[in-house]
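The block underneath contains the structure these notes are about, expressed in structure tokens.
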Amino acid sequence: EMIYQHKIHYYETDKQGVTHHSNYIRIMEESRIDVMERLGFGYERMEEAGVMSPVMAVTCEYKRPTTFPDLIDVDVTVAEMSKLKAKFDYKMTVKGVLVCHATSTHCFLGSDGRPVALENRFPEFYQALLGMMTGD
């Protein structure tokens, strides 16, 4: 499994000392980029291949509040894949306790802004994403 760690910064909290909900979207992006880089498919390589993957949708279920200086472990997997889209799944835990469960759905576009079939345009990346799929 691919675990990314994010330490909650003081500036990410609100007046009550709780992590502001908007920060979880940033943590999702940080963890997704980290995992892609570790797999050898960082944004530079994606862009060189002429592939972009904009966000189409996000979901966030906040289970427990986090506070400064909590260390959030983010387990990033791929929940769904099709030729044109991927849905990432993020399980965020602090000391093993689920604090947030989130997803982000991305399409794949060529440099001309048109949808591309990842399997054909960038088969190595397609296979890497398939390898991140959960068994359930």
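The values are calculated or read from the model by the stated rules, or taken from the named source; none is laboratory data. Remember, predicted model here, so these are calculated numbers, not experimental data. For neighbour counting, all protein chains shown are included, and Cβ atoms are generated from backbone atoms with ideal geometry for every residue, glycine included. Note: areas computed on protein heavy atoms with side chains; ligands, DNA, RNA excluded. Shrake-Rupley method; radii C 1.70, N 1.55, O 1.52, S 1.80 Å.
Between residue 46 and residue 21, with labels modelled 7 Å along Cα→Cβ, what's the label distance in nm to one decimal, could you check?
2.6
Let me spell out the model: positive unit charges on the Cβ of Lys and Arg, negative unit charges on the Cβ of Asp and Glu, origin at the Cα centre of the chain. What dipole size does that give, in debye rounded to 20?
Roughly 300 debye for the chain.
How much length is gained if the chain between residue 61 and residue 134 is pulled fully straight, taking 0.36 nm per residue apart and subtracting their Cα-Cα distance, in nm to one decimal?
Gain on extension, residue 61 to residue 134, equals 24.4 nm.
Please work out how much length the chain gains when fully extended from residue 97 to residue 111, using 0.36 nm per residue of separation minus the C-alpha to C-alpha distance, in nm with one decimal.
1.0 nm
At 10 °C and 1.306 mPa s, what whole-number value in µm²/s does Stokes-Einstein give for the translational diffusion of the range 58-133, with Rh from the Kirkwood sum over Cα pairs?
114
Let me know the charge dipole size of the range 7-54 about its Cα centre in debye, to the nearest 20, where only the beta-carbon of Lys, Arg (+1) and Asp, Glu (-1) is charged.
It comes to approximately 220 debye.
Loop-only check: which trypsin sites (Lys or Arg not before Pro) in the range 1-92 are DSSP coil with at most 16 other Cβ within 10 angstrom?
15, 63, 83
Using the Karplus equation 6.51 cos²θ - 1.76 cosθ + 1.60 (θ = phi - 60°), what ³J(HN,Hα) coupling, rounded to whole Hz, does each residue of the range 49-57 give in order, writing x for Gly and Pro?
Rounded to whole hertz, the list is 7, x, 10, 10, 9, x, 6, 9, 7.
Can you tell me the orientation of helix 23-38 relative to the chain, as the angle in degrees between its alpha-carbon axis and the longest Cα principal axis, to the nearest 10?
Compared with the principal axis, the helix lies near 50 degrees.
At 222 nm, what value in deg cm²/dmol follows for the chain if DSSP H runs of at least 4 each add -39500 (n - 2.57) and the sum is divided by all its residues, to the nearest 500?
After summing the helix terms and dividing by residue count, I get -7000 deg cm²/dmol.
Carbon and sulfur: what percent of the range 1-129's accessible surface (1.4 Å probe)?
Ligands and nucleic acids excluded, carbon and sulfur reach 53 percent.
Assign unit charges at the C-beta atoms only (+1 for Lys and Arg, -1 for Asp and Glu), then state the dipole size of the range 80-136 relative to its Cα centre in Debye, rounded to the nearest 20.
The calculation lands at about 140 debye.
When ligands, DNA and RNA are left out and all protein chains stay put, how many square angstrom of accessible area per residue does the chain have with a 1.4 Å probe?
That works out to 56 Å² for each residue.
What are the residues whose amide H is under 5 Å from the amide H of residue 79, where those residues sit 5 or more places off or on another chain and H is modelled from the backbone?
87, 88, 89
Report the antiparallel proportion of the DSSP beta bridges in the chain as a percent, rounded to a multiple of 5.
95
Enter the mean projected area of the convex hull around the alpha-carbon atoms of the range 1-89, in nm², rounded to one decimal.
6.7
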